[in-house]
Structures are given as structure tokens and as C-alpha cells.
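S.K.: I have a structure I would like to understand better, so I am pasting it below and will then ask my questions one at a time.
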Amino acid sequence: MNSIHLDPLSRPGSLARLLWAFEMRLEVDEMGGKREADVWAYNDSENMRPLPFAGRFVVRSEKIKEVLVREAGEARERLRRWDGETEWTVKGAAEGGLMV
């Protein structure tokens, strides 16, 4: 499911955070040379997405890693209330939803 409609203003913030936290590097080949990324390699659907490519996201510093781990744990705790099993399924919704 695409959540692009939820908050279009969150994308610039997410991108800024990725750039702050990680060095984005091209993968190296067997000879030690950088593999070039094809900037025109996208899928052929209505909702275009880049095709997989070889690359690495390297945390910029130990301090940033600590921030990422701490904030991921905090987010996990906030989301924990939605853990668990559910009787709702996509198939059930297509067949008329969940009867309560």
C-alpha cells in the first residue's frame, strides 16, 4: 500500500534525516572498482520506483548510530500497542469486511 497521500511534507524531512545519518556509497566490484548506478533504471509501472541497485548506507559516526538505535527503540515502544494478531485480512475485506 502506498502511503504517499498521508503526508507529502514528511518526505523532505525523511530525506534530510537519511543524508544526516548515512554516507551513501556505491558498491565495489570484485576488482575494487565502484559499480556505477544506472540513474534511469526504474520499473515500468504507473507508480514508478527505482530498480534494485548495489549500494551501501554507512552510518556517519558512532554518535549518530547511538541516536538511531535509541530513537528506533523509542519508536518501537510507541508502536507496541498495535502488536498482536487480528482477524481482519485483505481477503476478508474484499469479501465484505469483518462482521462485529
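Throughout, read-outs are computed from the coordinates displayed, never taken from laboratory work. Since this is a predicted model, take the numbers as computed values, not measurements.
S.K.: Calculate, in nm to one decimal, what GLU74 and TRP20 gain on full extension: separation in residues at 0.36 nm each, minus their alpha carbon distance. Spell out each step's value before the answer.
M.R.: On the way: separation 54, 0.36 × 54 = 19.44 nm, distance 1.93 nm.
Taking 0.36 nm per residue and subtracting the Cα distance, the gain is 17.5 nm.
S.K.: Would you work out if the chain is rounded, prolate or oblate? Take a ≥ b ≥ c from the square roots of the eigenvalues of the alpha-carbon gyration tensor; rounded if a/c is under 1.5, else prolate when a/b is larger than b/c, oblate otherwise. Can you show the working numbers first?
M.R.: Working: a/c = 2.40, a/b = 1.45, b/c = 1.65.
Because a/c hits 1.5 or more and a/b fails to exceed b/c, the chain counts as oblate.
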